[in-house]
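Input: a single structure, listed below in structure tokens.
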Amino acid sequence: MTYLPYGKAAGGSWPVEITPALAGWTYSGLRVADLGATSTGATSTAVTFSTGEEEMLVLPLSGSCTVTCDGERFELAGRASVFTGPSDFAYIPISTDVTVEGTGRIAFPSARATRRLAPRYVPASEVPVEIRGAGQASRQVNNFCAPGVFECDKLVAVEVLTPGGNWSSYPPHKHDTPNEGEAVLEEIYYFEVADGGLGYQRVYSSERGQIDTLAEVSSGDVVLVPYGYHGPSMAAPGYDLYYLNVLAGPAEERSMAFCDDPRHAWIRSSWDAQAIDARLPFGRTS
């Protein structure tokens, strides 16, 4: 199953818990915690766990939190929502006991790893923001844990924000075949949609295997991409779309290298004559 609506991937106290075993692959994972008020009126303001064989990030989607691990304490200021700009975040290494306390929705992108790196904190001001595409393919990428930006053993994670009516993850691309210029990666899409709206996500077959998904997505939904071309991610008019991409693979060197669907690769050249959507960037003016 590649499409998991919110609640379908719940595990224990986690509203979203994607493990390599659940996904049927080897590396990529994601957990999401809702800290604060619950549907029953109770409050759960902290989660405590061990990272085991996974390196992990603590990324506020909304709200703020305190992260305690390995004798370190990181105060994450967080943000009001994913549409108000990048958040600060913390890195937690493998084999670490951690407590996260606060309020709001907190994401924990993860990957199975072997090297144990030091816990670290990164302020929001140091997150690189990139605008890709043009016209109705304009979108914003917050490259907070991209290769060459932040050091991990296996984990790669970025945020993509797409204004209502625009398309991202476009042209469709893949990273499932080992060759020069293409990395093999397992990928998770985790979605938030502004104002209770909706979007759509497409995943389809490549030479690696058969897959056919066109999912209507809303906040909290997950799409898994074990292989195949993925894109476009479509933001319905009137509703801005956010997704968190979590990626990891077998290569020793982290990479996000991809291969466009050759039928649609020409789309990139069409952007030269188009202006970037004036609604971008979200939440940052410099």
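Within the shell of other residues whose beta carbon sits under 9 angstrom from the beta carbon of L117, the net charge comes to 0, with Lys and Arg scored +1 and Asp and Glu -1. Compute the FRET efficiency between E72 and Y200 as 1/(1 + (r/R0)^6), taking r as their Cβ-Cβ distance and R0 = 45 Å, and round to the nearest 0.05. It comes out at approximately 0.65. Rounded to 0.05, the FRET efficiency of the S13 and A257 pair, given R0 = 30 Å and the Cβ-Cβ distance, is 0.25. Only protein heavy atoms count here; on that basis, with a 1.4 Å probe, F49 has an accessible area of about 30 Å².
Spatial offset of region 109-152 relative to region 229-286 amounts to 14 Å, using the alpha carbon center of each. Protein heavy-atom surface of the chain, 1.4 angstrom probe: 51% of the accessible area is carbon and sulfur, with nucleic acids and ligands not counted.
When only the Cβ of Lys, Arg, Asp and Glu is charged (+1, +1, -1, -1), the dipole of region 84-180 relative to its Cα centre reaches about 180 debye.
The helix-only estimate of mean residue ellipticity at 222 nm for the chain, built from DSSP H runs of length n ≥ 4 each weighted as -39500 (n - 2.57), is -500 deg cm²/dmol after division by the residue total. For the chain, the residue among I188, Q201, V127 whose Cα projects farthest onto the positive side of the dipole built from Cβ charges is Q201. For the pair T177 and E216, label points projected 7 Å from Cα toward Cβ lie 3.5 nm apart. A crude spin-label estimate for the pair T26 and R132, with each label 7 Å from Cα along the Cβ direction, gives 2.4 nm.
For I131, the accessible area of its heavy atoms, probed at 1.4 Å with every protein chain present, is near 60 square angstrom. Taken about its Cα centre, the chain carries a charge dipole of about 320 debye when Lys and Arg each add +1 at the Cβ and Asp and Glu each add -1 at the Cβ.
Might you report the magnitude of the Cβ-based charge dipole of region 184-227 about its Cα centre, with Lys and Arg at +1 and Asp and Glu at -1, to the nearest 20 debye? Mind showing how you got there, number by number?
Working: 2 positive and 8 negative charges, 26 e Å.
Dipole magnitude for region 184-227 comes out near 120 debye.
Could you tell me which of rounded, prolate or oblate describes region 46-122, using a ≥ b ≥ c as the square roots of the eigenvalues of the alpha-carbon gyration tensor, with rounded for a/c under 1.5 and, failing that, prolate when a/b is larger than b/c and oblate otherwise? Because a/c hits 1.5 or more and a/b exceeds b/c, region 46-122 counts as prolate.
The values are calculated or read from the model by the stated rules, or taken from the named source; none is laboratory data. Owing to the predicted nature of the structure, the values given are computational and were not obtained by experimental measurement. When we count neighbours, we look across all protein chains shown, and the Cβ atoms used for this are built from the backbone with ideal geometry, even at glycine. Note: areas computed on protein heavy atoms with side chains; ligands, DNA, RNA excluded. Shrake-Rupley method; radii C 1.70, N 1.55, O 1.52, S 1.80 Å.
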